[in-house]
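A.B. asks: Submitted below is the structure of interest, expressed as structure tokens.
Please treat every number below as a calculation from the coordinates, not as lab data. This is a predicted model, so every value here is computed, not measured. Quick reminder, even Gly has a Cβ in these numbers, built from the backbone with ideal geometry, and neighbours come from all protein chains shown.
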Amino acid sequence: MIAGRAILRSSHANLQSLRALPSPTLRYPTRFHSTSSLLRTPRLRRCNWPLPLSQVSHRGYATTPLPKEQNPVSETSSGTSESADSAGAPQEPNPDAASAEEPVPRFDPRTLLDQGIPPTPDQYNTSLATKPDPTGSERSRDPIKAAQPRGSGGGNNEYVSSTDRKRARLASILFVSIVAGTIGAAVYLGRNWETQAELDAHPDTPNGWGPLLFYNRISARLTEVLDYYNLPIADKLLPDPIEETYRPYTLVLSLEDMLIHSEWTREHGWRTAKRPGLEYFLTYLSQYYEIVIFTSQPNPIAAPITAKLDPYHMYYQLFREATKYKGGKYIKDLSYLNRDLSKIIMIDTKPEAWSEQPENAIKMKPWNGDPRDKELIALLPFLEFIAAMQHVDLREDLKSFPEGSHIPTEFAKRDAIARAELKKKLEEERKSKGQGAGGGLLASLLGLQPKTQREEKLPQDLVRERGQLWYDQVSRNLKEHGDEILEADKKAQEEMWGGQTTSLSRLLTEGMPQPQIPPLPSSEEQSKQLPVSKK
Amino acid sequence: MDHTRDPCPWVIFSDFGGAFSMGAIGGAVWHGVKGFRNSPVGERRIGAITAIKARAPVLGGNFGVWGGLFGTFDCAVKGIRKKEDPYNAIIAGFFTGGALAVRGGYKSARNSAIGCAILLAVIEGVGIGLGRLLAPPPLPQQMPASEQGSLA
């Protein structure tokens, strides 16, 4: 390759040297390795010979006379004196060429280029690139040349292929369209609010012209797009309450590090532990509260755990899709729960979870798996007290405990004070009424408890006794009929989903398979549905 | 809290092994077909086997190195940030892409890092989108009333 090029450079007019080239393929080099990356000639794919053979010498030189205004300049970009000499050599008008009729073998690189035969760099440089361009038409047609400052065209002898020109044109078109598109999108997104409803929905981004107002409207519109991912999956996360399962209050519990704790060891892998007293806590409180297990873990990860905690479907389960994603954190917004906010208590360990409604939250420390932990069941007396006393606003109860105090000990203190006061009151009564006020002998014959013992009970103690009876009854029921209930559930599931086969085409055309939900209860039963409480 | 993945230092081995398996099996398929097609008739089966023996472990190694590096950077970023969110994977992808191309110079490493980070951002985004799409909406759950006693 290099030898062939050297030979060409030194004596390209010399037909004998061309014959001495090692191979015919190297006669016309297909690639130039030059310092400039633009000097790339296309690989010869076919032989373009539009000239009739009579006009062409057998070496491929044009034999038509050159146009007269050609200004042969012997300066070339390559610095060898050889090339300087030889570049000048073919341009010098041969004395024989003065007679225009005689076909003189002239090496006109321009004509060769027309015929698809690329010249050597020096030939091209000496003739074509340095031609003055009076009308400037070439600059306007060639975006690469137009980008170069005038006056440097003389020294810039780059060969720009048509591919490069097309690419440059495409790049400039794309650039302009991107800029125009960005400006257009900004203007469109920042336009004034169109309807009155929109204007009311965004009170802090009013209509008007001004860069700050524009920017506010753009950001408001863009955050609306992301709301699909950031807001909870539904406006009402829990269904409306129905009579069979009505409870006056709602208890929202977090899962991870509060009810369970997961641990990994190399020997055993992942293991999950239930908090001490967890089943008693959940089952006992389910008579006073609707229990919702609200976790910020995703559904596929947490659903198996909650399924094990709740095999009889006694509690509601909400996962990450029900949380609000704000500032990189998962927030459990209770206003989406379709329940009265004054009747909800949330027990959680993470500050971000209760950031929307901190007045509804009991803030607990994360559980690290310690089997001696008693925090969960220590909350039972307080939660039962609220339900027993049928308090109207649970937030007031939570506010009555000072910030950062331990609720079970605080409540135990208050409970002890209340009992002491009751005891004192009863003693005073007994003293004032005298002996035998309790019924004495008759009461003991009839097997009644002495009145003092009966009267020493606070109302919450009575409720607690009844609650414990309820718990005994329910746990016995579950023990006896638990398996039957699971079997019935499994059969119901099979009825809903069984016999349904889906294929890829059906998935695409019909969507996910839907369960066959059993028919709705009759209108009589539906009228038993309680009205949804307003917030 | 994903119980299918080990916690941080050990997950690097799992990632490496998983990626190696993917590369080895995929490479076996790819190079098997390629070796089969590029061999003379009569030697095609042995050509395929030779190609597999030569090249599939290499592809597996390449994938495995990617997976191992990604796991390492992921655990490092998690340890530094002490948070679990999608940005860990994106930053880890950035460093993985950069580390794999660092021999080619600054520009090559930079481009590879950005490309790998974008790829992982797309993967995480698709994961979040699918999680939201496929999550079952809160249906009216049947609360069994049979075993629930009444208060009154």
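A.B. asks: Please get the size of the charge dipole for chain B, origin at its Cα centre, with Cβ charges of +1 on Lys and Arg and -1 on Asp and Glu, quoted in debye to the nearest 20.
C.D. replies: About 860 debye.
A.B. asks: In addition: Using a 10 Å cut-off around each Cβ, can you sort B:34, A:431, A:343 from fewest to most neighbouring Cβ atoms?
C.D. replies: Ordered by Cβ neighbours within 10 Å, fewest first: A:431, B:34, A:343.
A.B. asks: In degrees between 0 and 90, to the nearest 10, how far off the longest principal axis of chain B does helix B:106-134 point, with axes built from Cα atoms?
C.D. replies: On a 0 to 90 degree scale, this one is about 40.
A.B. asks: Could I ask something else about it? Most exposed first by the Cβ proxy, i.e. fewest other Cβ within 10 Å, how do A:486, A:337 rank?
C.D. replies: A:486, A:337
A.B. asks: Using Cβ-Cβ distances only, list the Cys residues of chain B with no partner cysteine under 4.7 Å, sorted by number.
C.D. replies: Within chain B, the cysteines lacking a partner Cβ under 4.7 Å are B:116.
A.B. asks: Given a Förster distance of 45 Å, report the FRET efficiency between residue A:191 and residue A:359 from their Cβ-Cβ distance, rounded to the nearest 0.05.
C.D. replies: Efficiency computed from Cβ-Cβ geometry: 0.65.
A.B. asks: Then there's this: Given all pairs of different Cα atoms, what value in angstroms does the Kirkwood hydrodynamic radius of the range B:85-132 take?
C.D. replies: That comes to 10.8 Å for the range B:85-132.
A.B. asks: Relative contact order for the range A:179-327: what percent, with Cα pairs under 8 Å and sequence separation of 6 or more?
C.D. replies: Over the range A:179-327, the number comes to 22 percent.
A.B. asks: Collect residues whose amide H, placed 1.01 Å from N in the peptide plane, falls under 5 Å from the amide H of residue A:326; neighbours closer than 5 in sequence don't count.
C.D. replies: Those qualifying (amide H under 5 Å, at least 5 residues apart or on another chain) are A:331.
A.B. asks: Return one quarter of the surface area of the convex hull spanned by the alpha-carbon atoms of the range A:171-230, equal to its mean projected area, in nm².
C.D. replies: 5.4
A.B. asks: A further question on this structure: Explain nothing, just compute: Karplus ³J(HN,Hα) = 6.51 cos²θ - 1.76 cosθ + 1.60, θ = phi - 60°, for every residue of the range A:405-422 in order, whole Hz, x for Gly and Pro.
C.D. replies: Values per residue, Gly and Pro as x: 7, 8, 4, x, 5, 4, 5, 5, 4, 5, 4, 5, 4, 4, 5, 4, 5, 4 Hz.
A.B. asks: Limiting things to C-alpha atoms, what are the Rg and the maximum Cα-Cα separation (Dmax) for the range A:249-400, in angstroms?
C.D. replies: Reported Rg and Dmax, both Å: 15.2, 51.
A.B. asks: Rounded to whole Å, give me the distance from the Cα center of the range B:54-115 to that of the range A:208-269.
C.D. replies: 32
A.B. asks: In what sequence do A:497, B:66, A:367 fall when counting other Cβ within 10 Å, fewest first?
C.D. replies: A:497, A:367, B:66
A.B. asks: Largest first, please: the extent of the C-alpha atoms of the range A:302-345 along each principal axis, to the nearest Å.
C.D. replies: So the extents along the principal axes, rounded to whole Å, are 33, 28, 14.
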